[in-house]
Amino acid sequence: MAKKSTLDRLEPAFDRFQEAHFWIHGLERYYHEAEAFRWHLNVFIKAIKEITPLVRKALQNEIGFKDWFEPFGERLSTDPLLCKLSDNRDYIVHHGMLALESSGSLGITEGRGIKLGLSFPINPNEDSDDAMKSFIRALAVNGDFLGFLAEDEDSLPCVERYWRLPSIDEDIVDVCARAWLTLGETMSAVAEWCGVERPQFNLQCRHSSQQLHFKIYNRKGLRAEVLDIRARPDFVMAEGAQDAAPLSIDDDD
């Protein structure tokens, strides 16, 4: 068996595998932007579903490969996580847009978790910025009674957000990372079968949970938005509404 030419024929499969890695980082980058996040998820699911067929096609004529690969193919085809992602890919192709679920909280963070948060519905078709704007409008009308925008040098306002696919009770990016690593184990074994040192794939390059799930906002800018809303001629504040602390844009953050 010509090992070098065999490995060369695997290039499309490994290219697709690395493409899926690229899309994982796209999901991280656009985690708080609804449309871009959904589009990156679409192409990740597409790329990861194409990897195994590309491996089979590349090595189908290699003596002994079909029987050797069969257990790997069986495990991948029955892996619950990969099956669910595949089902979602089929839905995209034959029916339309992915139906994503989004949840989150708005509050303040000191750089590690959320210190004070209120669960707030986040439409899966809206950016995290839209959720914050809705929250700010609610504060303008009902008052910042919890001191969300009160001066505090140790904390910053934030949106904490999570994305999920129906039937998968885990954050989508974590799901994609696990799926990629699962395929990575097979790709490592295939490369070794082709006569090269077994590569080790990892995702140590991933962002931290705090970087991924939290979007930070400038408190002074948010106070300015509240004051702008209240300055409108048709603005009416809710009866009994009050702020925990005076709102001013003259304070330094």
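Below is a table of values for the structure above.
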read-out	value
Local net charge near LEU183, Cβ-Cβ under 13 Å (Lys/Arg +1, Asp/Glu -1)	0
For the chain: relative contact order, % (alpha-carbon pairs under 8 angstrom, 6 or more apart)	23
Crossing angle, helix 172-193 versus the chain [Cα axis fit, 0-90 degrees, rounded to tens]	20
Sum of side-chain charges, GLU170 neighbourhood, beta-carbon under 13 Å (Lys, Arg +1; Asp, Glu -1)	-1
Summed side-chain charge close to PHE22 - residues other than PHE22 whose Cβ falls under 12 Å, Lys, Arg +1, Asp, Glu -1	-1
By average C-beta atoms within 10 angstrom, highest first, the peptides 48-58, 223-233	48-58, 223-233
Along principal axes, Cα extents of the chain, largest first, whole Å	80, 38, 24
Degrees separating the helix 34-59 axis from the principal Cα axis of the chain, which is the longest one	10
Nonlocal amide H pairs with LEU116, under 5 Å, H built at 1.01 Å	ILE108
Inverse mean reciprocal Cα-Cα distance (Kirkwood Rh) of the stretch 1-74, Å	13.7
Contact order normalised by residue count of the stretch 175-250, Cα under 8 Å, 6+ apart, percent	22
Amide hydrogen neighbours beyond the local backbone of LEU146, cut-off 5 Å, H modeled	ALA244
Nearest-ten-degree value, helix 219-230 long axis tilted from longest Cα axis of the chain	60
Sequence-separation-based contact order of the stretch 116-226, relative, with Cα cut under 8 Å and 6+ spacing, percent	34
Cα centroid separation - the stretch 130-151 against the stretch 169-228, whole Å	31
Inter-label distance for ASP15 and LEU81, nm, one decimal - labels placed 7 Å from Cα along Cα-to-Cβ	2.7
Fully extended contour minus Cα-Cα distance, from ARG29 to SER167, at 0.36 nm per residue	47.2 nm
Amide N of the stretch 24-63 lying under 16 Å from the label point, which is placed 7 angstrom from the Cα of HIS207 along Cα→Cβ	24-41
Cross-link pairs LYS84/LYS115; LYS133/LYS220; LYS115/LYS215; LYS46/LYS84; LYS84/LYS133 - those with Cα-Cα distance over 24 Å	LYS84/LYS115; LYS84/LYS133
Quotient of Cα Rg and 2.2 N^0.38 Å for the stretch 157-215, N being how many residues it contains	1.52
Farthest toward positive dipole pole in the chain [+1 Lys/Arg, -1 Asp/Glu at C-beta], among ALA131, ALA58, HIS32	ALA58
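Since every read-out is calculated from the coordinates, none of them should be taken as a lab result. Please read these numbers as outputs of a predicted model, since none were measured by experiment. With ideal geometry, Cβ positions are generated from the backbone for all residues, glycine too; neighbour counts draw on all protein chains shown.
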